[in-house]
Amino acid sequence: MNRIELLRLDYLFSVVVPCLLAVYIANLHIVNYLGIIFGWSFIGITGNLLNDAIDKDRDIDYSNKELGTIAIISFILGITLMIDSFTKARINIVFALCSIFLVIGYCVFLKKFSIINKFVLVTSHIVFPYLMVRFLSFAIEPSKPILLGEIMLLLTFLVFSFSGQVIHEAIDQEAIQSYSQRKVQIIVQIASILTIIFGIYAIILLTYYYLFPFIVVPIGPMYIYRKPRVPGKHVKDVGIIIGNLIMVYMIVLIFANLY
């Protein structure tokens, strides 16, 4: 395993996309939020390293002390980048601490609980990064209130991320394997349908038609689970690639000012 693979940089979209989504939906100036965006990137790396150190589900040549050293430095860098947001929006300290405790709890205690662990992940990886951007925006761009369409879009991402975690666990044969494949199929199908419904409603309310691709993405999980079976290993890679493509897409939308 090379040094880049150790950091699992291709997983960082899971914390970066919510930040970018908050910037895009509220039409914020992204420069003001780079500290939060890159801060979450470093914290995401910390979480990946902690998971490897505790879970040991990958063939890694590094010791726990070496992984821990990198994780601590990455954590310090991430928190330092967020200090400005902490001073301007004190509640962001609470969001950051809660997210850190949830990630540690997931790695140490909660990963074996098939449903609870997904709520922990979507809360720590999506809700808190999103809210940190928005609460900082209340301090520096107070004319940007949270609207119903924004809430619906956040629900869209939450439900879709939940189904994505279900598929991820099904492939890795983790906690979700305590459920029958039929039950897993039902969970994925319901989550995908809700994602489409919430997404359509959000786009109608926001009139941000460049977000239309997001309501097409759930068709993939629906097709994968058209039958109750364990997906192939490659499906997880497909999901990671799509997540990174979405991240690039959001960056283009923000800098090109496309709405």
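Among GLN177, GLN185, which is at pLDDT below 85, assigned to a helix (DSSP H, G or I) and of a type outside the set (Val, Ile, Thr)?
It is GLN177.
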Selected residue [more than 30 Å from ARG90 (Cα to Cα), of a type in the set (S, T, N, Q), touching a Lys or Arg at 6+ places or on another chain (Cβ under 8 Å) and surrounded by fewer than 20 Cβ atoms within 10 Å (Cβ to Cβ)] from GLN189, GLN165, GLN181, GLN173:
GLN181
Among the residues of the range 210-240, how many are surrounded by fewer than 13 Cβ atoms within 10 Å (Cβ to Cβ), under 18 Å from the mean Cα position of the chain (by Cα) and without any contact (Cβ under 8 Å) to a residue 24 or more places away in the chain?
1
Residue selected from the range 206-223 under the condition in contact with a Gly (Cβ under 9 Å, 6 or more places away or on another chain) and part of a helix (DSSP H, G or I), by the criterion farthest from SER180 (Cα to Cα):
LEU206
Hey, among the residues in the range 27-54 that are surrounded by 19 or more Cβ atoms within 10 Å (Cβ to Cβ) and over 19 Å from ILE100 (Cβ atoms), which one's farthest from the chain's Cα centre (by Cα)?
LEU28
Looking at ILE190, ILE246, ILE171, ILE197, which is the one that is modelled with pLDDT under 90 and either part of a helix (DSSP H, G or I) or charged (D, E, K, R) (or both)?
ILE171
Scan the range 107-116 and give yes if some residue there is of a type in the set (Phe, Trp, Tyr) and free of Cβ contacts under 8 Å to residues at least 40 places away in the same chain, otherwise no.
yes
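Filter the range 112-144 down to the residues that are among the basic types (Lys, Arg) and surrounded by 20 or more Cβ atoms within 10 Å (Cβ to Cβ), then identify the one that is farthest from the chain's Cα centre (by Cα).
ARG134
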Does ILE203 fit the bill of being assigned to a helix (DSSP H, G or I), aliphatic (A, V, I, L, M), out of contact with any strand residue (DSSP E or B) (no Cβ under 9 Å at 6 or more places or on another chain) and modelled with pLDDT of 90 or more?
yes
Spans of helices (runs of 4 or more DSSP H) in the range 1-71 with at least 1 residues over 18 Å from LYS236 (Cα atoms) and among the hydroxyl-bearing types (Ser, Thr, Tyr):
13-25, 34-55
Checking GLU150 against (1) surrounded by 18 or more Cβ atoms within 10 Å (Cβ to Cβ); (2) charged (D, E, K, R); (3) touching a His at 6+ places or on another chain (Cβ under 9 Å), the condition it does not meet:
(3)
Please go through the range 88-114 and pick out each residue that is among the polar types (S, T, N, Q) and not in a helix (DSSP H, G or I).
SER114
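The values are calculated or read from the model by the stated rules, or taken from the named source; none is laboratory data. Remember, it's a predicted structure, so these values are computed and weren't measured experimentally. Please note: Cβ atoms are built from the backbone with ideal geometry, for glycine as well, and neighbour counts cover all protein chains shown.
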